[in-house]
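Structure first, commentary second.
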Amino acid sequence: MKEQNKIGIITRNPASWCSSQLQLAIIKRGYEPFCFRFPEIKTRVGFLPKFEVRGVDLLEEVLALIVRPIGRCSLEEAIFRMDVLHRLARLGMIVINHPSAIEKCIDKFYALFLLEEKGVPVPRTVVTENADEALKAFYELGQDVVIKPLFGSRGMGITRVSDPEVALRIFRALSFTHQVLYIQEFIPHGNRDIRTFVVGNEVIAAMYRESSGWKTNIAQGARPKPLRPDEELEELSIKVAEILGCEVAGVDILEGPEGYVVLEVNSQPGWRGLQSVTKVRIADKIVEYVISKARS
Ligand SMILES: Nc1ncnc2c1ncn2[C@@H]1O[C@H](COP(=O)(O)OP(=O)(O)O)[C@@H](O)[C@H]1O
Ligand SMILES: [Mg+2]
């Protein structure tokens, strides 16, 4: 067996800020970063090697894999990519995050009902394929709702609607194109939410995200502000990451009128904004965790 001195990063863009940070952290620890994209993977069944990327036998030469965002792709590609990660994990590769965690987090409905099952406070939400039922939900949820794509990130495609006529037109248009309608009560939050960053069993950093509008994604222009999480916030973040099986997680939390409400858990979070308000070296923490898990 060759020495496993490579740590793989599956990333669309090795030069992106987060992937570059990971590579530096890997080199610092005496390992070799090996970046590749999903379309570069070749997997064999019935003969060897089972996984090959640019001539590298992943199972022989790579100690562990870090998965950055899977990216936009067809349904067939998405399923194949998840199959690849599952097969790698089944063959003993350390994959962070584990594919079953990625699957749960990437699907907002799946993650939400798993959290609800464990008693985590989440926004009241209705999911349906039917535009008329969606309109009833609009009234049930107080005529001020947020409509989200089931699979989405960075605040893209999310709209807030308080006019029933607009709501119905949106529901009809979405259902006409066979999209699932995910409708959530709007929780007043003063244009600020909380992002905590979990690695392993620890909240390593947290921030407020403050915006001039109700959407508080950094990608939508929100500004990061330092936050020292209290015990309740830490416990909640660790709990939700654990429920979804996420070893590295970016948890979105609103401070609603009745306390903390968990919006979603990101299984492939970025940390550029967060890094600007914390001294903790986030990429180092991730890489240390991955190496210690692979070596244990
Ligand atoms: N139910 C809600 N009530 C109030 N604001 C919301 C609600 N849902 C989402 N938002 C706002 O929109 C942002 C993006 O929503 P989120 O569910 O985290 O999706 P994304 O995956 O696009 O980040 C949140 O950070 C928050 O500012
Ligand atoms: Mg979010």
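The values are calculated or read from the model by the stated rules, or taken from the named source; none is laboratory data. Nothing here was measured: the structure is a model prediction, and the numbers come from that model. No Cβ is skipped: glycine too gets one built from the backbone with ideal geometry, and neighbour counts run over all protein chains shown. Remember, those area values only see protein heavy atoms, side chains included, never the ligands or the DNA or RNA. Shrake-Rupley method; radii C 1.70, N 1.55, O 1.52, S 1.80 Å.
Determine, from the Cβ-Cβ distance of D83 and R54 and an R0 of 22 Å, the FRET efficiency 1/(1 + (r/R0)^6), rounded to the nearest 0.05.
Step by step, r from the Cβ atoms, then E = 0.60.
Direction-averaged shadow area of the convex hull around the Cα atoms of the stretch 125-185, nm²?
Seen from a random direction, the Cα hull of the stretch 125-185 projects 3.5 nm² on average.
Suppose a student asked you for the relative contact order of the stretch 180-228, using Cα pairs under 8 Å spaced at least 6 residues apart; what percent would you report?
30
K148: which lysines have alpha carbons under 20 Å from its alpha carbon, excluding same-chain residues fewer than 8 sequence positions away?
Cross-link targets: K104, K108, K136, K215.
Can you pull the percent of Cα pairs in the chain with separation above 30 Å?
35
For the stretch 262-292 and the stretch 133-170, what is the centre-to-centre distance using only Cα atoms, to the nearest Å?
Comparing the Cα centres of the stretch 262-292 and the stretch 133-170, I get a distance of 31 Å.
Over the stretch 163-276, what relative contact order in percent results from Cα pairs under 8 Å that are six or more residues apart?
Computed value for the stretch 163-276: 24 percent relative contact order.
What is the angle, in °, between the Cα long axis of helix 282-295 and the longest principal axis of the Cα atoms in the chain? Nearest 10 is fine, range 0 to 90.
The angle comes out at about 50 degrees.
Sticking with the crude label model, points 7 Å out along Cα→Cβ, report the distance from N130 to D107 in nm, one decimal please.
2.1
Could you rank V198, V127 by how accessible they are, 1.4 Å probe, largest area first?
Largest to smallest exposure gives the sequence V127, V198.
Is it possible to state the helix-based mean residue ellipticity at 222 nm for the chain, with each DSSP H run of 4+ residues giving -39500 (n - 2.57), the sum divided by total residues, to the nearest 500 deg cm²/dmol? What is it?
Computed mean residue ellipticity for the chain: -10500 deg cm²/dmol.
Suppose all protein chains stay in the model; what accessible area per residue would a 1.4 Å probe give for the stretch 125-185, in Å²?
I get 57 Å² per residue for the stretch 125-185.
With contacts defined as alpha carbon pairs under 8 Å and 6 or more residues apart, what's the relative contact order of the chain in percent?
18
Once R0 is set to 25 Å, what does the formula 1/(1 + (r/R0)^6) return for the Cβ-Cβ distance between K279 and Q220, expressed as a FRET efficiency to the nearest 0.05?
0.45
Taking the chain as the reference, fit the longest principal axis to its C-alpha atoms, fit the long axis of helix 164-176 to the helix C-alpha atoms, and give the angle between the two in degrees, 0 to 90, nearest 10.
40
Net charge near I194: determine it from the other residues with C-beta under 11 Å of the C-beta of I194, scoring Lys and Arg +1 and Asp and Glu -1.
Local charge sum for I194: -1.
With the full set of protein chains in place, find how many percent of the accessible area of the chain is carbon and sulfur; take the probe as 1.4 Å.
Using a 1.4 Å probe with all protein chains present, the chain comes out at 50 percent carbon and sulfur.
Measure nothing fancy, just the Cα-based angle from helix 231-243's long axis to the longest principal axis of the chain, in degrees from 0 to 90, nearest 10.
The two axes meet at around 70 degrees.
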